[in-house]
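The values are calculated or read from the model by the stated rules, or taken from the named source; none is laboratory data. Predicted model, so just to flag it, every value in this text is computed and none were measured. Positions of Cβ are generated from backbone atoms using ideal geometry, with glycine treated the same way; all protein chains shown enter the neighbour counts. With ligands, DNA and RNA removed, areas are computed over all heavy atoms of the protein, side chains included. Shrake-Rupley method; radii C 1.70, N 1.55, O 1.52, S 1.80 Å.
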Amino acid sequence: MITPITNHFQEDLTNIKFLLRSLKQLSTSTKKLKDATKGLEKYADEIERLHKQWQFESQPHLEKIQQITDKLKE
């Protein structure tokens, strides 16, 4: 009679240990994902900054090209 209870207890204990390990792995993975997201945000911000800089520096040239194109169309 005690054997089925002991077996049940052992199964529950095994399941609880598995659950705790899984939760720890999930927590670790979530932290790594959060850290990676921060890096991606910094990267995206830098790309946006460089794009704005390129637009600022290129705008006069693009306007000049447009003027020449418009003049050639006339």
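Numbers at a glance
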read-out: Yes/no for LEU13 being surrounded by 10 or more Cβ atoms within 10 Å (Cβ to Cβ) and either of a type outside the set (Phe, Trp, Tyr) or modelled with pLDDT of 95 or more (or both); value: yes
read-out: Qualifying residue in region 34-55 (condition: at pLDDT below 95, over 24 Å from the mean Cα position of the chain (by Cα), of a type outside the set (A, V, I, L, M) and open to solvent by 100 Å² or more (accessible area, probe 1.4 Å)); value: yes
